[in-house]
């Protein structure tokens with residue numbers, strides 16, 4: 001008998017990954033203290049990972065009963081280009097944050113994604129990205145005092161100069 | 001008594017704290033109202049910026065965001081037929097038809113006033129019940145806490161997703177993530193794979209922002225080109241006659257909201273649906289049929305989901321057990337600020353409890369003020385294109401994950417959990433149990449070990465303790481019932497009765 005909801009593209013692969021990861025983690029949990037005692041440091045990790053693996057198998061059984069969804073395509077409904085680009089963009093952001101600093105990295109990140117997603121003019125994308133970075137900077141860096149890497153922009157000197165400008169006017 | 005009043009009034013009398021509650025409520029309403037930005041996402045991203053603050057300002061902002069976010073979800077449910085939060089699903093059933101009839105302003109007005117009533121009832125019950133629940137909870141045995149933790153995860157798992165097995169998997173995964181690092185009792189390494197960076201465990205914030213911020217933003221990328229819907233906003237403030245007419249239903253729905261909210265694992269979404277069902281049964285002759293724009297269909301769920309906020313704070317503050325994913329995040333944040341929600345909080349730091357009650361009351365008042373004003377600006381915010389909004393959410397997520405420990409490792413963890421959460425959402429796994437699992441991991445682990453050690457490492461002795469204690473037995477039976485109710489056997493019993 002087949003289940004009513006069809007199986008989505010890639011669901012079986014994800015399911016197998018879940019089972020493999022759970023079994024690996026169970027093996028790792030066993031390595032903590034073996035079957036030493038019920039109160040050992042490894043007891044709860046072993047129980048939880050065994051439960052994960054068991055659930056993974058039950059989900060697999062359910063998935064195998066489902067008929068595949070032929071109307072959906074993996075490149076359109078599961079991993080479309082914007083999702084892949086966004087994952088790459090976040091990774092690039094993390095890599096560039098320390099050397100370039102918060103302001104240029106955030107500007108490039110927003111500019112790239114906004115231009116790509118909206119398909120609007122460069123002027124719009126540059127204005128939207130610059131405005132957003134300015135707003136986030138004021139709210140989080142200046143008001144909430146969140147520390148972010150300075151990188152190539154001499155932020156503290158600029159802020160000191162602005163402070164001096166207003167302080168000097170007194 | 002004077003201490004209670006003094007601590008309750010702190011957020012009202014301190015201008016800085018008052019402004020933070022107002023700011024949080026305002027941000028919560030607007031973020032919670034934007035389609036695709038849930039209250040969980042809003043709370044998880046914004047809370048991360050408060051970790052370097054003192055405890056009182058941080059709590060003031062967090063509570064404002066929470067209260068505003070729960071209410072904000074109703075706005076898009078009415079205007080766009082897209083609930084901003086699961087608790088606003090029932091609101092859309094009658095709210096959107098009202099908007100289509102050109103009564104969006106009235107619908108928003110009724111929603112706001114009734115949410116205020118509901119919120120108030122929830123807070124009063126919290127203030128009245130929490131001290132007694134806490135006094136009772138001091139007598140809980142470790143096995144009771146263990147069972148309560150299991151019950152909470154199971155309830156969220158069984159109610160929030162399409163499959164109990166997937167819910168249990170997600171909860172177990174959360175427990176596993178929460179156990180990563182050095183074991184606090186024996187200093188054994190758990191899932192660290194020899195990496196010193198993992199000995200302190202994985203940042204709860206990175207998991208939370210990844211699961212709720214990044215994964216939700218990635219899902220939203222599928223529907224970026226969805227065109228916005230524009231609504232005409234007319235009169236907003238409801239007449240006194242309207243309020244008086246729906247007050248009895250509002251009070252009944254508040255009672256449902258508080259009770260459902262107070263149960264571990266059940267939150268505003270279930271409370272709202274149950275109250276909607278109740279309204280359908282008790283309203284014999286509605287002016288407009290339910291599902292076509294009945295005002296009763298708006299009053300009941302909105303009162304209930306805001307009453308559930310106060311209700312959800314009862315197990316959270318007195319037992320340390322979160323009611324849903326948002327309260328799980330709140331508990332995590334309170335831990336980071338050095339507070340330990342649980343029965344001892346009322347004994348050791350009662351002032352914090354009354355301060356929190358004060359913040360909730362203030363946030364409820366601000367919710368009423370902001371809810372009835374600034375609708376024109378609000379409509380513009382809701383119409384903001386997703387192509388601009390999603391990159392902004394992602395940037396805020398990255399900054400939030402980085403800011404907690406000034407660590408890029410946390411950004412990578414956030415991305416990893418974001419991608420994992422994205423696939424889990426696509427394939428029907430609910431993420432609420434993961435966060436609940438992470439939060440409850442320590443509680444479950446500690447109490448399991450205490451319970452089994454006190455029973456001399458003997459499972460039969462532990463089981464004997466469970467079946468001979470009325471409280472433990474009740475909790476144990478509840479756990480068993482959740483499993484049985486999801487089996488074909490239960491379906492057969494129900495069919496047989498019908």
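The values are calculated or read from the model by the stated rules, or taken from the named source; none is laboratory data. As the structure is a prediction and not an experimental result, all values here were calculated from the model. Every residue, glycine as well, gets a Cβ built from its backbone with ideal geometry; the counts of neighbours run over all protein chains shown.
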Counting only residues that are part of a helix (DSSP H, G or I) and in contact with a strand residue (DSSP E or B) (Cβ under 6 Å, 6 or more places away or on another chain), the range A:33-76 contains a total of 2
Across the range A:123-145, what is the number of residues that are surrounded by 18 or more Cβ atoms within 10 Å (Cβ to Cβ) and more than 28 Å from residue B:62 (Cα to Cα)? 2
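Yes/no matrix, rows are residues, columns are (1) touching a residue at least 12 places away in the same chain (Cβ under 8 Å); (2) more than 23 Å from residue A:39 (Cβ to Cβ):
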site: B:155; (1), (2): yes, yes
site: B:181; (1), (2): yes, no
site: B:186; (1), (2): no, no
site: B:196; (1), (2): no, yes
site: B:202; (1), (2): yes, yes
site: B:208; (1), (2): yes, yes
site: B:212; (1), (2): yes, yes
For residues in the range B:237-287 being outside any helix (DSSP H, G or I) and in contact (Cβ under 8 Å) with a residue 60 or more places away in the chain, which is nearest to residue B:110 (Cα to Cα)? B:238
Taking helices (runs of 4 or more DSSP H) that do not extend beyond the range B:142-223, which have at least 3 residues that are within 17 Å of the chain's Cα centre (by Cα) and more than 10 Å from chain A (Cβ to nearest Cβ)? B:142-160, B:204-208
Test of understanding: among B:251, B:263, B:247, which residue is under 28 Å from the mean Cα position of the chain (by Cα), surrounded by fewer than 24 Cβ atoms within 10 Å (Cβ to Cβ) and at pLDDT below 85? B:263
Qualifying positions in the range B:441-459 - within 9 Å of another protein chain (Cβ to nearest Cβ) and surrounded by fewer than 18 Cβ atoms within 10 Å (Cβ to Cβ): B:450, B:453, B:457, B:458, B:459
Six or more apart or on different chains, Cβ under 7 Å: which pairs go from a residue in the range B:307-319 that's without any contact (Cβ under 8 Å) to a residue 40 or more places away in the chain to one that's in a helix (DSSP H, G or I)? Could you list them? B:316/B:327; B:316/B:330; B:316/B:331
Looking only at the range B:319-344, which residues are in a helix (DSSP H, G or I) and under 23 Å from residue B:205 (Cα atoms)? B:325, B:326, B:327, B:328, B:329, B:330, B:331, B:332, B:333, B:334, B:335, B:336
Residue under question is residue A:107, and the condition is that it be surrounded by fewer than 17 Cβ atoms within 10 Å (Cβ to Cβ) and under 26 Å from residue B:219 (Cβ atoms); does it hold? no
Restricting to the range A:6-32, and then to whatever is outside any loop (DSSP other than H, G, I, E, B) and at the interface with chain B (Cβ under 7 Å from one of its Cβ atoms), can you tell me which residue is modelled with the lowest pLDDT? A:32
Based on this model, can you work out whether residue A:108 counts as in contact with a helix residue (DSSP H, G or I) (Cβ under 8 Å, 6 or more places away or on another chain) and farther than 20 Å from residue B:419 by Cα? yes
The residue from A:3, A:39 that alone is over 23 Å from the mean Cα position of the chain (by Cα), surrounded by 19 or more Cβ atoms within 10 Å (Cβ to Cβ) and at pLDDT below 95 is A:39
For the range A:138-160, give me each residue that is modelled with pLDDT of 80 or more and within 10 Å of chain B (Cβ to nearest Cβ). A:148, A:149
Looking at (1) free of Cβ contacts under 8 Å to residues at least 24 places away in the same chain; (2) within 9 Å of chain B (Cβ to nearest Cβ), which is the only condition residue A:117 fails? (1)
Looking only at the range A:72-102, count how many residues are more than 7 Å from every other protein chain (Cβ to nearest Cβ) and crowded, with 22+ Cβ neighbours inside 10 Å. 1
If I filter the range B:432-440 for residues that are surrounded by fewer than 24 Cβ atoms within 10 Å (Cβ to Cβ), assigned to a helix (DSSP H, G or I) and either more than 7 Å from chain A (Cβ to nearest Cβ) or at negative phi (or both), do I get at least one hit? no
If residue A:29 passes every condition in (1) in contact with a helix residue (DSSP H, G or I) (Cβ under 7 Å, 6 or more places away or on another chain); (2) surrounded by fewer than 16 Cβ atoms within 10 Å (Cβ to Cβ) but one, which one does it miss? (2)
Quick test of your reading of the structure: residue B:97 fulfils all but one of (1) at pLDDT 90 or above; (2) buried (at least 19 other Cβ atoms within 10 Å of the Cβ). Name the failing condition by number. (1)
Which members of the range B:405-415 meet the condition of being at the interface with another protein chain (Cβ under 10 Å from one of its Cβ atoms), surrounded by fewer than 21 Cβ atoms within 10 Å (Cβ to Cβ) and touching a helix residue (DSSP H, G or I) at 6+ places or on another chain (Cβ under 9 Å)? B:408, B:409, B:412
Is it true that some residue in the range B:468-489 is in a helix (DSSP H, G or I), within 23 Å of the chain's Cα centre (by Cα), facing chain A (nearest Cβ under 10 Å) and more than 30 Å from residue B:51 (Cβ to Cβ)? no
Testing residue B:465 on (1) under 21 Å from residue A:39 (Cα atoms); (2) within 12 Å of chain A (Cβ to nearest Cβ); (3) modelled with pLDDT of 90 or more; (4) surrounded by fewer than 22 Cβ atoms within 10 Å (Cβ to Cβ), one condition comes back false. Which one is that? (2)
Search the range A:126-137 for residues being more than 9 Å from chain B (Cβ to nearest Cβ) and modelled with pLDDT of 90 or more, and hand back the single one that is nearest to residue B:45 (Cα to Cα). A:134
Any idea which of (1) touching a residue at least 12 places away in the same chain (Cβ under 8 Å); (2) surrounded by fewer than 24 Cβ atoms within 10 Å (Cβ to Cβ); (3) within 14 Å of chain A (Cβ to nearest Cβ) is the one residue B:352 doesn't satisfy? (3)
